1. Which condition does Thr22 not pass, out of (1) of a type in the set (Val, Ile, Thr); (2) away from the ligand (no atom under 15 Å from the Cβ); (3) not in a loop (DSSP other than H, G, I, E, B), if it passes all the others?
2. Looking at His118, His143, which one is of a type outside the set (Gly, Ala, Ser) and within 16 Å of the ligand (Cβ to nearest atom)?
3. With within 16 Å of the ligand (Cβ to nearest atom) and at pLDDT 95 or above as the only criterion, which of Gly150, Gly164 stands out?
4. For the stretch 86-111, what are the residues that are outside any strand (DSSP E or B) and open to solvent by 70 Å² or more (accessible area, probe 1.4 Å)?
5. Hey, does the stretch 27-47 have a residue that's modelled with pLDDT of 95 or more, within 14 Å of the ligand (Cβ to nearest atom) and assigned to a strand (DSSP E or B)?
6. Out of the residues in the stretch 147-175 that are free of Cβ contacts under 8 Å to residues at least 60 places away in the same chain and under 13 Å from the mean Cα position of the chain (by Cα), which is most open to solvent (accessible area, probe 1.4 Å)?
7. Where residues in the stretch 114-123 are without any contact (Cβ under 8 Å) to a residue 40 or more places away in the chain and of a type in the set (D, E, K, R), which of them is least open to solvent (accessible area, probe 1.4 Å)?
8. Can you find a residue in the stretch 63-70 that is at pLDDT below 95 and open to solvent by less than 20 Å² (accessible area, probe 1.4 Å)?
Amino acid sequence: MAARKVLRMGHPILQEPSAEITKFNTAGLDSLIQDLFDTMRVEDGAGIAAPQIGVLKRVVIFGVEGDNPRYPGRGYVPTTILINPVITPLDREMDDNWEGCLSVPGMRGLVPRYTRVHYRGYDQKGRLIERDAEGFHARVVQHECDHLDGVLYPQRIRDMTQFGFKEELQTKMGC
Ligand code: NI
């Protein structure tokens with residue numbers, strides 16, 4: 001169990017759809033989740049998806065508790081293991097906000113996401129998780145679940161002038 005290398009945009013694995021987990025409560029699944037947590041913490045991520053460490057399985061983790069230096073002041077997201085997730089928008093409203101991704105290091109982009117979503121999935125023991133989420137929490141879940149369908153956030157950007165290196169975008173990002 002250890003932090004793993006994060007694949008970067010362009011690697012073909014990041015463009016592949018991931019497979020559902022069919023067996024819960026296994027040593028292999030527990031060790032995958034431990035590696036995801038170790039990797040997310042080393043990289044200060046708000047979340048990470050299994051394909052980012054080269055595993056094409058429908059497993060994501062996320063959580064922002066306290067101050068994350070990559071996402072200052074963006075709000076609380078409960079630490080969650082989510083397997084075989086399904087996201088349903090609660091209405092049509094979307095908003096734009098800045099995102100980064102451990103697979104797109106040093107970059108930020110302005111991405112539209114549903115403001116309010118319902119999500120459901122399972123934890124590592126196979127227990128059902130069902131929640132409504134909004135704002136940053138809803139955004140993080142949508143971003144991580146996109147990875148399971150081979151989609152990275154730059155593919156969702158509508159205006160490519162709102163994509164670039166974090167240091168160069170600081171004025172636009174307002175921080
Ligand atoms: Ni990402």
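1. Checking Thr22 against (1) of a type in the set (Val, Ile, Thr); (2) away from the ligand (no atom under 15 Å from the Cβ); (3) not in a loop (DSSP other than H, G, I, E, B), the one that fails is (3).
2. Criteria check complete, one pass: His143.
3. Gly150
4. Once the filter is applied, which keeps residues that are outside any strand (DSSP E or B) and open to solvent by 70 Å² or more (accessible area, probe 1.4 Å), the stretch 86-111 yields Leu90, Arg92, Glu93, Pro105.
5. yes
6. Across the stretch 147-175, the extreme among qualifying residues is Val151.
7. Only one residue tops the list, namely Arg116.
8. Pass one, the stretch 63-70, residues at pLDDT below 95: 64-70.
From the residues that got through so far, the ones that are open to solvent by less than 20 Å² (accessible area, probe 1.4 Å) too are 64, 68.
Checked the stretch 63-70: at least one residue is at pLDDT below 95 and open to solvent by less than 20 Å² (accessible area, probe 1.4 Å).
The values are calculated or read from the model by the stated rules, or taken from the named source; none is laboratory data. A quick note: this is a predicted structure, and the numbers were derived from the prediction, not measured. No Cβ is skipped: glycine too gets one built from the backbone with ideal geometry, and neighbour counts run over all protein chains shown. Each accessible area value is taken on the protein alone, full model and side chains, heavy atoms only, with ligands, DNA and RNA left out. Shrake-Rupley method; radii C 1.70, N 1.55, O 1.52, S 1.80 Å.
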